[in-house]
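Below: the structure, in structure tokens.
FYI, it's all coordinate maths here, none of it is from the lab. Just so it is clear, the structure is predicted and the values come from calculations on it, not from any experiment. Using ideal geometry, Cβ is built from the backbone for each residue, glycine included, and neighbour counts are taken over all protein chains shown.
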Amino acid sequence: MKTALTALALAGFSATAAQAECYSIYPQGSGQQPAPMTGYTVTEAADLDGLMDPPPLADGANAVACERDSIVPRPNDFELVRYHGTPLLISAGEGETRQMLFLGFQPAAEDENGEMTDPQYQVQMAQGGLSDEERTGVISALEGFSASEQALDALLRAQAEQDG
């Protein structure tokens with residue numbers, strides 16, 4: 001899926017970057033260009049209290065791409081990729097300095113040997129490189145996801161107890 005996201009994002013994402021901040025991305029082979037998600041950003045949705053609502057993806061889309069000032073994931077980006085299973089492609093810069101970072105999540109699963117693998121975040125540069133400062137920021141963001149997940153889980157449990 002990562003390759004499909006990268007190919008589609010590189011094909012049409014940068015051409016529409018000035019029109020909106022986030023886009024619905026379609027699977028490879030669909031022939032569809034990224035669709036602007038007018039009025040929606042993952043940052044604003046994830047920064048609200050509790051678990052963010054599922055993103056308003058266009059029909060047939062399977063990922064979100066967002067234009068930001070930095071490719072370093074934000075503290076609550078985990079809500080999109082882990083809880084909603086929606087990969088995120090973060091883009092920053094223009095032209096030759098353009099960077100794209102893929103953020104996904106692989107849940108625990110049984111491998112070919114019948115053993116369970118640990119759940120893990122997936123991060124890959126789809127375009128450009130990372131400075132030392134950005135690399136440190138990405139690592140810090142991933143490390144911070146665990147504490148944020150625990151806090152969100154506790155909040156959701158408390159809300160469920162209060163409601164039921």
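Considered as a group, the residues in the stretch 131-156 that are within 14 Å of residue 83 (Cβ to Cβ) and of a type in the set (D, E, K, R) include one that is farthest from the chain's Cα centre (by Cα), and that residue is 153.
Could you check the stretch 93-131 and list, in sequence order, the residues that are of a type in the set (D, E, K, R) and over 13 Å from residue 71 (Cα atoms)? The answer is 96, 110, 111, 112, 115, 118.
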